[in-house]
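Beneath this line is the structure, given in structure tokens, with notes to follow.
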Amino acid sequence: MLALTELGQRLRQERESKGLSLEDLQKLTKIQKRYLLGIEEGNYEVMPGKFYVRAFIKQYCEAIGLDTDAIFEEYKSDIPSTQTEDMPQQLSRVRSRKEIPQHTKGVSKAYDYLPTVLVVAGVVVVGIIIWVIAQNIVSDKNKEQANQEAPNSEVQQSNTQEETNETTAKNDNSTSEDDQSVADKKEKEKAAKEKAEKEKAAKEKAEKEKAEKEKKDSGKQEYKEVQKTGRSATYALSGTDAFNLEVTSTQADTWLDVKNGKGNAFFSSILKKGETKEFDLTKETEARVNIGYSPGVELKVNGKAVNLPFDSSKQVRQVVTIQYQPAEAQ
């Protein structure tokens, strides 16, 4: 493994302080893991080009919350500058007449046959025009024949009208049956609508009762600090029969890990900017919330906002443990 540069060591320390692995950073930046590792190790040879080195370092810094301009200025000796490479001589498309291969002289002979080709093409075009005119003449004759047969079609139309009248008479007999079917259909639709309205009203009532209960419980609940150490803090939740947790990230993507006291994970992934995750932990006695990037992260317990234990500008990664004791057990 290559020795870390000062820039690579600084970036790795910042990443690890936020609880992010290279896989997490790959998801945030969409940069392949091997390029991220190359940045940390100062192994820029693995990059597609010098331009990508600076671009990837910029995305890396933004993902972990560092000032890009300050980093580029502080570590400019570690970061290669981008310069447009000269185009290889063999890629130039401009060549002198002397450089043109001799076999291209045969092209000039093709021009000797050009008049013959043009004559053949002209004959083909004239043939197409004659064919189009012939098709138009045939079409006009078909129209005249159709006009002459029109009187005969009137007789056929009269016969068809008589058949239609007979069919109408038969259909009248079935009209009453169709009316009954329509009435039955409307009755079923009405019953279904009434059922849906009753179900909606019942659901709204249940939601209202639940909201009132949560509001009542939140008025009695206590959420107090037990201890703090390092980047971890423990709180006690009591005086309520519900333990609902909401986590929202408002500024940037962050790593979020939520587990119960037994270590079983409810969520362990990236929480994207503007996204909210809700957890019903009423059946648990303890929950551990690991936040990789705390700036802009909001916590709510039973719908009530609670503060993070540490100043996010000083402690980016924070771990909050909530010990829950239901009111009925007290």
Checklist entry - Residue check: is LYS224 modelled with pLDDT under 95, open to solvent by 20 Å² or more (accessible area, probe 1.4 Å), charged (D, E, K, R) and within 11 Å of GLN323 (Cβ to Cβ)? => result yes
Of the candidates GLU62, GLU14, the one satisfying the condition of being under 20 Å from SER81 (Cα atoms), not in a loop (DSSP other than H, G, I, E, B) and not basic (Lys, Arg) is GLU62
Per the filter on region 303-325, residues open to solvent by 20 Å² or more (accessible area, probe 1.4 Å) and either in contact (Cβ under 8 Å) with a residue 24 or more places away in the chain or assigned to a strand (DSSP E or B) (or both) are GLY303, LYS304, ALA305, VAL306, PHE310, GLN315, VAL316, ARG317, THR321, GLN323, GLN325
The one condition ILE79 fails out of (1) in a loop (DSSP other than H, G, I, E, B); (2) open to solvent by 30 Å² or more (accessible area, probe 1.4 Å); (3) in contact with a helix residue (DSSP H, G or I) (Cβ under 8 Å, 6 or more places away or on another chain) is (2)
Discussion item. Yes or no: region 36-59 includes at least one residue that is over 16 Å from PRO80 (Cβ atoms) and touching a residue at least 40 places away in the same chain (Cβ under 8 Å).
Written reply: no
Verdict on ALA252 being open to solvent by 70 Å² or more (accessible area, probe 1.4 Å) and of a type outside the set (Asp, Glu): no
| Would you call ASP241 at pLDDT 65 or above, among the acidic types (Asp, Glu) and more than 30 Å from ALA305 (Cα to Cα)? | no
Screening GLU278, GLU328 for residues that are under 24 Å from GLU222 (Cβ atoms) and part of a strand (DSSP E or B) leaves only GLU278
Reported set for region 34-70 where residues are under 18 Å from SER17 (Cα atoms) and surrounded by fewer than 13 Cβ atoms within 10 Å (Cβ to Cβ) is ASP67
ALA242 meets each of (1) outside any loop (DSSP other than H, G, I, E, B); (2) small (Gly, Ala, Ser); (3) surrounded by 14 or more Cβ atoms within 10 Å (Cβ to Cβ) with one exception, condition (1)
Item to complete: Kindly check whether there is at least one residue in region 216-234 that is outside any helix (DSSP H, G or I) and more than 24 Å from SER294 (Cβ to Cβ).
Response: no
Inset, instruction - Scan region 232-241 and give yes if some residue there is in contact with a Phe, Trp or Tyr (Cβ under 7 Å, 6 or more places away or on another chain) and acidic (Asp, Glu), otherwise no. - result: no
Contact list, first residue from region 194-215 and among the charged types (D, E, K, R), second anywhere and not in a helix (DSSP H, G or I), beta-carbon distance below 7 Å, six or more apart or interchain, is GLU214/ALA242; GLU214/ASN302; GLU214/GLY303
When region 287-300 is checked residue by residue, the ones that are out of contact with any Leu (no Cβ under 6 Å at 6 or more places or on another chain), open to solvent by less than 60 Å² (accessible area, probe 1.4 Å) and under 17 Å from LEU237 (Cα atoms) are VAL289, LEU299
Of (1) among the β-branched types (Val, Ile, Thr); (2) within 27 Å of VAL258 (Cα to Cα); (3) open to solvent by 20 Å² or more (accessible area, probe 1.4 Å), ILE31 fails just (3)
From the option list LYS283, LYS273, single residue qualifying as modelled with pLDDT of 90 or more, assigned to a loop (DSSP other than H, G, I, E, B) and touching a Gly at 6+ places or on another chain (Cβ under 9 Å) is LYS273
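The values are calculated or read from the model by the stated rules, or taken from the named source; none is laboratory data. Keep in mind it's a predicted model, so treat the numbers as computed, not measured. Cβ coordinates were reconstructed from backbone atoms using ideal geometry, including for glycine residues, and neighbour counts include every protein chain displayed. We work out accessible area using only protein heavy atoms, side chains counted, and drop any ligands, DNA or RNA first. Shrake-Rupley method; radii C 1.70, N 1.55, O 1.52, S 1.80 Å.
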